[in-house]
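Bear in mind that the values in this text are calculations on the coordinates, not laboratory data. Small disclaimer: the values here were computed from a predicted structure and weren't measured. When we count neighbours, we look across all protein chains shown, and the Cβ atoms used for this are built from the backbone with ideal geometry, even at glycine.
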Amino acid sequence: MDGFQIIGSLTGLCKDLGIQDVYVQDLLHYAAFLQRPWFTRIWVVQESFFSAATTVFCGKREIKWAAIKESSRIVVQTGMDTLLKAYVSYATHFSLDVDAIKLPNNRLANQFIFGSLQRGDGEAISLGQLLHYSRFFEASDPRDKVFAILGLWRFTRGNQIAQIDILPDYKKDISGVYIEATMAAIQESGNLDVLSLVEGPYSEKTAQLPSWIPDYSQGPRSYPLVQPSTLTPPSLLLPTNFEPPRDRKMRVLPVQGLQIDIIEDVAPAYGDIMNNFELGLLLKLLLTYPQTSYPTGESPCNAFWRTLIKDNIRGNLAGKEAQVAFPTFIMQRIRETRQQIGILEDYEEPDLESELKAILQETEMIIESLSSRYGEEKVIPTLSEIDAMVHVEEEEEGSLAEQKLESDRKDIEEAFRVAYFRRRLFRTTAGYFGLTSQSVVPGDCVWVLSGARVPFVLKAADAREDRWQLVSESYVHGVMRGDALTDEVTLRRICLV
């Protein structure tokens, strides 16, 4: 997507919303306003929550706080925040960095969080939810990511947190503050939802943090599978006798669980698929699938495409419409590869051109094999079907067929982005497909933990089998609703370190 395409998308979105007289430059001014440092400060969240009335002054202009919140709601719900971020990046750097644009912590959406925190609505807000929100904001002292939300937590929860309250203490180091906050969130909720905020090891992670403690100093890197809550019971069919530890300073978390399987192979990350033409390596995990049926009894192809979007599109369970739309995802990747080859031809880059042609040839061979094997499912298109879709895109612009194709493509690409960004597909030895942090490697293990609503990927910490490091939460197709578990389950006691 280049700058002109972004402008076209913004203009089209405005028309769809019935906004006829807004110029792109006006939208950019709005984006610049929302990206001012004031909106990124974590302490501002508390200030706005407890203020009786809020008025914003920008230069000589007075802006109603309610108008800012409402406009932010529209920006987030329509996806305009992503388009604006994309255009700002393009206009500034003349390039589109996927990691910069697609980050879930897009600061243009921060005001939506302000709108979610209303002092007068009477709703109790869990510490886990507030810790999730705090990662979208900035603080000069990383400990303030916890301390700045304690007032909101106490106000909405009242006497319910008397036994687990936290007092700000700047004598404690960052690690100690984050451990205490995480343990308090576990004790308050009675579950392990807050562990879903762990997104795998990465270089910026605060030193001395155990693997199971989220780094609240870092902005979110992916869209969590579970939003931390207090009332939703575990959906996995494990005994629900989870008891949170009482010690809030412990660096080791004892848990009970069941090891489901071992990860055997992994696919490329999001950027490699969308930017580096590695669709073939993604499809190869399906091509080399060792069985004729998935562990649940369904087709491996059906499990494959559903896993790539975590079986969800536009916030709903993926159905027939998603299945019909999926071939457009493959078509677009092939189309972009061919277009890039044409560009390399024009710029006379024979070595790169030859390399990309070889990648395209191998990818098309994989597609042909898969379309022949799973042809009845109409998910993996044949090359002739891809050519037909490309013809509609390039030769029938504006037609009903082209509009339907574009609508399907945008829907499936957005579902893929939300599910797959900063994650990667994996396949286990028993044949399960799943999504987890892109830091996953073969040999890591899939676990279901008592007190957790989603499976987790764990890595053996040392030779002692009861000590494990938490890699990330995961989506595992066929396990999310307890399908893989029997009625009688013997749980294993392990420690997360």
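Which values of log₁₀ I(q)/I(0), to two decimal places, follow from the Debye formula for the stretch 126-219 at q = 0.14, 0.19 Å⁻¹ with a uniform point scatterer at every Cα?
Ignoring solvent entirely, the Cα scatterers give -0.45, -0.86.
Rounded to the nearest 5, what % of the DSSP beta bridges within the stretch 399-497 are antiparallel ones? Numbers along the way, then the final one.
Working: 15 of 17 bridges.
Expressed as a percentage, antiparallel bridges in the stretch 399-497 total about 90.
Between SER140 and ARG467, with labels modelled 7 Å along Cα→Cβ, what's the label distance in nm to one decimal, could you check?
The two pseudo-label positions are separated by 4.0 nm.
What net charge is computed for the residues neighbouring PRO290, neighbours being all others with C-beta under 11 Å from the C-beta of PRO290, Lys and Arg scored +1, Asp and Glu -1? Kindly include the intermediate steps, with their values, before the conclusion.
On the way: positive: ARG427; negative: GLU264, ASP265.
Its environment carries a net charge of -1.
Please order THR429, THR363 by the number of other Cβ within 10 Å, starting at the fewest. Walk me through the numbers before you get to the answer.
Details: THR429 12, THR363 22.
Fewest-to-most ranking of THR429, THR363: THR429, THR363.
Please sort by residue number the GluC sites (Glu not before Pro) in the stretch 248-339 whose DSSP state is loop and whose Cβ has at most 10 other Cβ atoms within 10 Å.
Numbers: sites: GLU264, GLU278, GLU298, GLU321, GLU336; in loops: GLU278, GLU298.
For GluC sites (Glu not before Pro) across the stretch 248-339 that sit outside H, G, I, E and B with at most 10 neighbouring Cβ atoms in 10 Å, the list is empty.
Roughly what % of Cα-Cα distances in the stretch 270-422 sit above 23 Å, to the whole percent? If you can, show how the numbers build up before the last one.
Values: 4468 of 11628 pairs.
Value for the stretch 270-422: 38 percent of Cα pairs lie more than 23 Å apart.
What is the stretch 403-481 by shape, rounded, prolate or oblate, if you read a ≥ b ≥ c off the alpha carbon gyration tensor as root eigenvalues and call it rounded for a/c under 1.5, prolate for a/b larger than b/c, and oblate otherwise? Working shown, then result.
Numbers: a/c = 2.77, a/b = 2.40, b/c = 1.15.
The shape class here is prolate.
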